[in-house]
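What follows is a short report on a single structure.
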Amino acid sequence: MTTRRANFLTEIIDADLAAGRVTRVATRFPPEPNGYLHVGHAKSICLNFGLARDYNGTCNLRMDDTNPVKEDIDYVHAIQKDVAWLGFSWAGEVRFASDYFDPMYAAAEQLVAQGDAYVDHQNVEEIRQNRGDFGRPGVDSPHRERPIAQNLELLQAMRAGAFPDGTCVLRAKIDMAHPNLLMRDPLLYRIRHAHHHRTGDKWCIYPMYDYAHPLEDALEGITHSICTLEFESNRELYDWVLDHTRNALGLAWNPRPRQYEFARLGLGYTVMSKRKLLQLVEEKRVNGWDDPRMPTIAGLRRRGVTPEALRDFADLIGVAKNNSLVDIGKLEFCVRQDLEKRAPRAMAVLQPLSLQLTNWPLGHTDVLTMPWKTGEPATRQVPFGREILIEREDFSENPPADWKRLSVGKEVRLFGAFFVRCTEVVREDGEIVGLLGTVDVDTRGGEAQDGRQPAGTIHWVDATHAVDCEIRLYDRLFTVEQPDADGDFLPQMNPDALQVLQGQMEPAAAELPGGTHVQLMRVGYFFSDPVATDPGKPVWNRVIGLRDTWTKAPGRQEGRPDRRKEPTEAKKDTAQKKNRAEWRAERRTATAELAAAYGRYGALGVDPDAADLLTEDLETVAFFDAALRAHPHPQALSRWYLNDLEGLRKGRPLAEIPLDGATFGQFVALVDSGQVTVPAGKQLLSHLVAKGGDPVAATRALGLGKVDDSTAVYAATDAVLAALPGEAERFRAGEQKLLGVFIGAVLKQLRGSADAGAVRQALLDRLKT
RNA sequence: UCGGGGAUCGUCUAAUGGCAGGACCGCAGACUCUGAAUCUGCUCAUCUAGGUUCGAAUCCUAGUCCCCGAACCA
């Protein structure tokens, strides 16, 4: 049983299940096979498959292959491999949008037959021109009103291959003046005389995404179709297609799929668009889709990132609708956390410096047995001889005060072996070329008989047995957090994202096969490249360095990103954009009744701002007038209307809520009379907006009548304080803010039917020491 | 310009009218045969202004800023 991570989507699903809208959960991951999957897709995969897992539902893997000129079978295979590698299994076979071309076409003919679609002969340019723009409505196509029979004939001719590419399209007949540009007669089918990787030459017309996607979902019985934020505007069209094809395929769309959008992953120091990734590959700025510098799943896999780390990362960053740019340090954290647990330890030096131990017998080798990992049984043999290689940066001639490594005259421990002391520096032309030192043979295994502890421990390898190996040091692909913020992203590429070094590795580790994780002690986590490693010729990729609180890598922007914004200067309103108040004022000028109502309310003592809001339209005025007739107290009425009812109706027109103006007036009268308290009134109003009914009857039914009985208040107060002894203690200790918690609890117990002031008083009474 | 979204520690994300919580990062300390890991502690946030309420991140009003949308791409 995995713990379910809550987010806005799980809330929606819970509500759907509770309301019976769906009885099962079916999601899908629908990539277009036109590129490799990247870590952004990994987030989506974890979401869709994770939801299916958490709700005992299903998740399909579906190739959205509706555009034959861009897609390729190789990508299909790569995508399957990546999803499986991430640890997910899809329901049944892999699906293909192209599997549904027949029913999609049938539905298109039905749309034409219903008069909901037509064949348009305008060219691309004309269609674009006639679509209008954000500020201008579109104009109807000259072919928009063609008779149905002719449209049907043309569509069939399109399908039969009678027209060359680009000569005509099938369009939905919606509204060329629609504020959502996607709804201005969107294209449904275009002609492409192209070979499709699955359907071959069967089709020469292919459906557009907005038409195909909802049908794919519906045909597969998807309940929750989850996509990214940029598709928000497409949702309206998604629903239109479903609404207008619901009878065409003999399917009831039950449950009808619904689209929900979440924020896609933005990750620092990399790029995530398929186009840019493709460009990096095609221009050979990286070595293919699986280059370990790439944010592709294939690249991360080859680098040595594990599926567990990626899944942890997906959990860590969560799912929401905020546009976000995730700190790449979070990914790095997940990688380290995972590798820390699993990686055996080994030693290699990247930049060797020789240390001759002058008191060690010439030609003698001691073989030490060390565990692959502290506390675990598996061991390895590590040779130790007269010449030792240490890391160049582990020696300093002029060490700082807190130096914990080697320097002249100082003793350090060689990890798992002996204590050594440096006695002399060997130079050539002023350059340090080696070190002379002595070893304490009584410290074998790293423990001194006398219990002394050297200041530091460093890693090392034996010079005569060390194995040459290629070390590939990977770093962030770009030098700035947002390489594609503006302009060209290529100049931001990090030239040091790959550094190749010739290192010296202990022999046991050098024999590890490709695809093995290891922590090179004090250096980082490494992965033997599964492609480049040959037997006896190891190539090691650095997955990620160890966290380093001592030295900071040069040339890298330090620490956490600080994207804090300067408080922006309020922009002077140069554009004469009309605000909502101005719209209302304008409408009042145009409509005498509104103006009259405004004057009338003002005369009744309603605050001008409130009067402005109440005279937004005639519907509101009529409602308010009816309320006024039932309860002639304009201030109270307007407060309840504006502050509570306005929020409760959630944008629905007044006519659609089961509460009319007169009843609303009666409701306010009831509260004003003191028979119902304000908090109870809020509950009551919420009930009336949802269910309708008579306020007095509802009050009685819900038990919301005011409790004047101070015994009851005190009893509830005592019960609450008894149930929250810790809080009561803290309150007495001075945490004033807890009073609200108590009031809330008492009010809840009394169903809001007590006066808050009385409750407060009772609490203070009881709580005073 | 129109339509649709969004705004909470530096970053990501909770809190659904009642104690602004967690994680990453950072800082300090403990421990350490890895300057790692581990452990402890600390710093740090509700876009602004009004209003409703005993009580507002949450409800109302006005404003500000950010993102997406005008491929025969998905």
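Every number here is computed from the coordinates shown, using simple stated rules; none is lab data. Fair warning: this is a prediction, and the values are worked out from it, not measured in the lab. Positions of Cβ are generated from backbone atoms using ideal geometry, with glycine treated the same way; all protein chains shown enter the neighbour counts.
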Check your understanding: With the dipole of chain A worked out from charges on the C-beta (+1 for Lys and Arg, -1 for Asp and Glu) around the Cα centre, which of A:515, A:457, A:323 lies farthest toward the positive end?
Key -> A:323
**Study point:** the range A:256-359, dipole about Cα centre (Lys/Arg Cβ +1, Asp/Glu Cβ -1), debye to the nearest 20
**Key:** 360 debye
Practice item. Identify the trypsin sites (Lys or Arg not before Pro) of the range A:252-320 meeting these criteria: DSSP loop state and at most 14 other C-beta atoms within 10 Å of the C-beta. Key: A:284, A:285
Study note, to complete from the structure: As a percent rounded to 5, the proportion of antiparallel DSSP bridges among beta bridges in chain A is 70 percent
Exercise for review: Once you've got the Cα coordinates, tell me which of A:276/A:537; A:650/A:691; A:202/A:274; A:70/A:284; A:274/A:321 are over 26 Å apart.
Suggested key: A:276/A:537; A:202/A:274
Check your understanding: What GluC sites (Glu not before Pro) in the range A:181-235 are in a loop by DSSP, with at most 10 other Cβ atoms within 10 Å of the Cβ?
Key -> none
Check your understanding: Among A:731, A:711, A:630, whose Cα sits farthest toward the positive end of the charge dipole of the range A:610-735 (+1 at Cβ of Lys/Arg, -1 at Cβ of Asp/Glu, about the Cα centre)?
Key -> A:711
Exercise for review: Treat every Asp and Glu Cβ in chain A as -1 and every Lys and Arg Cβ as +1, leave all other atoms uncharged, and give the resulting dipole magnitude about the Cα centre to the nearest 20 debye.
Suggested key: 1300 debye
Check your understanding: Picking from A:8, A:42, A:69, whose Cα lies most toward the positive end of the charge dipole for the range A:1-78 (charges on Cβ: Lys, Arg +1; Asp, Glu -1)?
Key -> A:8
**Study point:** Cβ-defined net charge surrounding residue A:597, 14 Å radius [Lys, Arg +1; Asp, Glu -1]
**Key:** -1
Review point. List the GluC sites (Glu not before Pro) in the range A:256-304 that DSSP assigns to loop (not H, G, I, E or B) and whose Cβ has at most 12 other Cβ atoms within 10 Å. Which are they?
Key: A:283
Check your understanding: If each of residue A:396 and residue A:711 carries a label point 7 Å out from its Cα toward its Cβ, how far apart are those two points in nm?
Key -> 8.0 nm
Review point. If you add up the charges near residue A:344, with Lys and Arg at +1 and Asp and Glu at -1, over every other residue whose beta carbon is less than 9 angstrom from its beta carbon, what do you get?
Key: +3
Point to revise | By average C-beta atoms within 10 angstrom, highest first, the peptides A:115-123, A:533-541, A:242-250 | key: A:115-123, A:533-541, A:242-250
Study note, to complete from the structure: Once normalised by the length of the range A:386-545, the mean sequence separation of its alpha carbon contacts under 8 Å that are 6 or more apart gives a contact order in percent of 18 percent
Review point. Which value, in nm² and rounded to one decimal, describes the direction-averaged projected area of the C-alpha convex hull of chain A?
Key: 49.1 nm²
Practice item. State the extension gain, in nm to one decimal, for the chain segment bounded by residue A:428 and residue A:243, taking 0.36 nm per residue of separation less the distance between their alpha-carbons. Key: 58.3 nm
Exercise for review: Quick one: dipole size for the range A:1-138, taken about the Cα centre, charges +1 on Lys/Arg Cβ and -1 on Asp/Glu Cβ, in debye to the nearest 20.
Suggested key: 700 debye
Point to revise | Contour minus Cα-Cα distance for residue A:737 and residue A:365 (0.36 nm per residue) | key: 126.8 nm
Exercise for review: List the residues of the range A:725-769 whose backbone N lies under 19 Å from a point placed 7 Å from the Cα of residue A:700 along the Cα-to-Cβ direction.
Suggested key: A:753
Study note, to complete from the structure: By the mean-Cβ-within-10 Å protection proxy, highest first, A:9-21, A:708-720 rank as A:708-720, A:9-21
Exercise for review: Subtracting the Cα-Cα distance from 0.36 nm times the residue separation, let me have the gained length for residue A:114 to residue A:587 in nm, one decimal.
Suggested key: 166.4 nm
Review point. For residue A:580 and residue A:321, what does the FRET efficiency come to when R0 = 22 Å and r is the distance between their Cβ atoms, rounded to the nearest 0.05?
Key: 0.35
Practice item. Could you rank the peptides A:360-369, A:206-215 by their average count of other C-beta atoms within 10 Å per residue, with the highest value first? Key: A:206-215, A:360-369
Check your understanding: Quick one: if you stick a label point 7 Å off each Cα along the C-beta vector at residue A:180 and residue A:484, how many nm between them?
Key -> 2.5 nm
**Study point:** Footprinting exposure proxy for A:229, A:654 (fewest neighbouring C-beta atoms within 10 Å first)
**Key:** A:229, A:654
